[in-house]
Amino acid sequence: MNSFQILEYAAWAISAVLGLYMLFDMIRIDRTYDEELLTSSREGDIEDTLVIDPPHQGGHK
Amino acid sequence: MSQTTAVHGEKISLLRVLGPAHVWALGVGIVLVGEYMGWNFAVGKGGMIAALIACWVAGLLYTCVAMIDSEVTSTVAAAGGQYAQAKHIVGPLMAFNVGLYLVFAYTMLEAANAITLGYLVQTVGTMAGFADVHDKPFIVLTIMFLAWLNYRGVYATLTVNLILTAIAFVAILILFAAVKPWSNELLNHQAMLNGLPYGWLGVIASLHFGLWYYLGIEGTCQAAEEVRSPARSLPLGTMTGIMTLLIAATMTWYVCSGLMPWEYLGQAVTPLFDAARLTNSMPLMVLLFVGTVFSTLASANGCINDASRAWFSMGRDRYLPTWFGAVHPKNRTPYRSIVFLVPVALVFAYFAPLDQVITFSILSGLLGYTYMSLNVILFRRKWPLGMIKRGYIHPFHPLPALVLLLLCSVTYFAVFLGYGTQLIAMLIFFVVASLWFHFHRYQYVRRGDQFTMQWPRPVGY
């Protein structure tokens, strides 16, 4: 096996890890949060007070 | 608060964190790869001069697009960009079609970029002396990595795009300066320019690939719901974006047409990198190779951002299943739309030929531009100046809209000359999709909820 083949296997492996990460995170989020909350975004809503902010910006944890 | 319960009044929305520089990076980032590769097929269609005419005619087309887009989107600050505009100004069926144009144009372009990146890595491997090298692992890695980046958050995604795009643009400026455009030391336009080998028909045919210089600048609108000040940032980012591209496109043509004969340039895969090789400067070769890779990555990255926003917006309005209208509570991204479009991009990148993928992207974009010219005429008629506040007012209306419509018509003919079957197949697809929407899907749409802009009643209603 030459070093380019190792690179190719590494590319496959990283792709699989990233794909699985997104898939598992999506399932985790879907199970943790209420569907109504996840799909609560409305076009034109820009009032920041109504919006849940991420923890690092002082929002809910 | 329990994380499993939506408290009354609480909502999750996309995050407003972007500034004008991110908007510029989104628009130029999607497009700049067209300077590094693709535009030069216009040379093959009609010669050097035809490619220059195509560069400037397409530049005029896209200046109209940028001006029209800047005005309309400064009033419709919503993800989905032209889709949201069409919904408010024309109607649901037009909006559904525009949404599909956007998703197709960006997903196909993403696939084309991934194919190109895979090819570049494969070429490096072959040049390094490795046998039996494959492009597929790197095609898949490009799509998965950029999808993951988009999944994690829009600020990081478009900051990465800003860095990649700025480096790729500066590389073109450095190459232009390095070939000493004020002298004939390296450039030899007198010997290279060959008039119009296929006459004016060649000029029209070259328009097909002339679009490649600017295709995607209208993608800035997709950031409308994530910029801090849409009325200011979107016109500023879009207009500086088209100016950047006009400069980059003209420089690219000037450098390449002075260094390479048209027979070679017309079918070169990486013309700017080839131009750097002809200067015999190793630092320039490295810089332009890096520029090629970065511009390709930036383009694919921006395309994932834009396609997912369009898909998300359609889901949110029930034009598609509402499942797609979800926002990630921590990353604040349309995560389901991002993940859903990954396999779509992978299928096209893995199985479809590059020229077909590019042509479908161009055709989808072209359909979108045609709609834009009609859209702005309706917009000005229904809501004249002074009736609603605009962040930007484009000059000489309706001239830009009419010029855009005329140039789109000519470009349809240009595409028909080379890819007539694909053009007809695509039109049939959109007719079938429209029938499905009208007779089946529209019953699920909450008709009052889809119009969200606080505009007065239009003139005549």
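Some points to look at:
- Matching helices (runs of 4 or more DSSP H) fully within region B:181-298 where at least 1 residues are farther than 27 Å from B:Val57 by Cβ and in contact with a Ser or Thr (Cβ under 7 Å, 6 or more places away or on another chain): B:230-259
- Search result, residues across region B:322-375 that are under 22 Å from the mean Cα position of the chain (by Cα) and not in a helix (DSSP H, G or I): B:Thr333, B:Pro334, B:Ala352, B:Pro353
- Boolean, B:Tyr319 is among the aromatic types (Phe, Trp, Tyr) and either outside any helix (DSSP H, G or I) or at pLDDT 95 or above (or both): yes
- Test for B:Gly99: is it crowded, with 24+ Cβ neighbours inside 10 Å and on the phi > 0 side of the Ramachandran plot: no
- All positions within region B:11-46 that are within 14 Å of chain A (Cβ to nearest Cβ) and either assigned to a helix (DSSP H, G or I) or of a type in the set (D, E, K, R) (or both): B:Lys11, B:Arg16
- B:Ala114 vs. criteria under 26 Å from B:Phe340 (Cα atoms), touching a residue at least 60 places away in the same chain (Cβ under 8 Å) and out of contact with any Gly (no Cβ under 8 Å at 6 or more places or on another chain): yes
- Whenever a residue of region B:349-363 is over 14 Å from B:Leu423 (Cβ atoms), its partners that are crowded, with 24+ Cβ neighbours inside 10 Å and among the polar types (S, T, N, Q), lying with C-beta atoms within less than 9 angstrom and at least six residues away or across chains, give the pairs B:Ala349/B:Asn113; B:Ala349/B:Thr142; B:Leu354/B:Thr116.
- Filter result for B:Val90 (surrounded by fewer than 24 Cβ atoms within 10 Å (Cβ to Cβ), modelled with pLDDT under 95 and more than 14 Å from chain A (Cβ to nearest Cβ)): yes
- For region B:158-168, filtered to residues that are in contact with a helix residue (DSSP H, G or I) (Cβ under 6 Å, 6 or more places away or on another chain) and surrounded by fewer than 22 Cβ atoms within 10 Å (Cβ to Cβ), the residue that is nearest to B:Asn301 (Cα to Cα) is B:Leu162.
- Selected residue (criterion: farthest from the other protein chains (Cβ to nearest Cβ)) from residues of region B:325-343 that are surrounded by fewer than 21 Cβ atoms within 10 Å (Cβ to Cβ) and among the hydrophobic types (A, V, I, L, M, F, W, C): B:Phe340
- Selection within region B:125-143 - at the interface with chain A (Cβ under 9 Å from one of its Cβ atoms) and over 20 Å from the mean Cα position of the chain (by Cα): B:Gly125, B:Ala128, B:Phe130, B:Ala131, B:Asp132, B:Val133, B:His134, B:Lys136, B:Pro137, B:Phe138, B:Val140, B:Leu141
- Test for B:Gly80: is it within 12 Å of chain A (Cβ to nearest Cβ), at positive phi and either in contact with a helix residue (DSSP H, G or I) (Cβ under 7 Å, 6 or more places away or on another chain) or not basic (Lys, Arg) (or both): yes
- Residue tally, condition surrounded by fewer than 18 Cβ atoms within 10 Å (Cβ to Cβ) and either of a type in the set (Asp, Glu) or more than 8 Å from chain B (Cβ to nearest Cβ) (or both), over region A:17-48: 13
- Residue within region B:121-138 that is of a type in the set (Ser, Thr, Tyr) and out of contact with any helix residue (DSSP H, G or I) (no Cβ under 8 Å at 6 or more places or on another chain) present: yes
- Among the residues making up region B:88-119, those that are over 22 Å from B:Lys382 (Cα atoms) and among the aliphatic types (A, V, I, L, M) are B:Leu100, B:Leu102, B:Val103, B:Ala105, B:Met108, B:Leu109, B:Ala111, B:Ala112, B:Ala114, B:Ile115, B:Leu117.
The values are calculated or read from the model by the stated rules, or taken from the named source; none is laboratory data. Remember, it's a predicted structure, so these values are computed and weren't measured experimentally. Note that each Cβ is placed from the backbone with ideal geometry, even for glycine, and that neighbours are counted across all protein chains shown.
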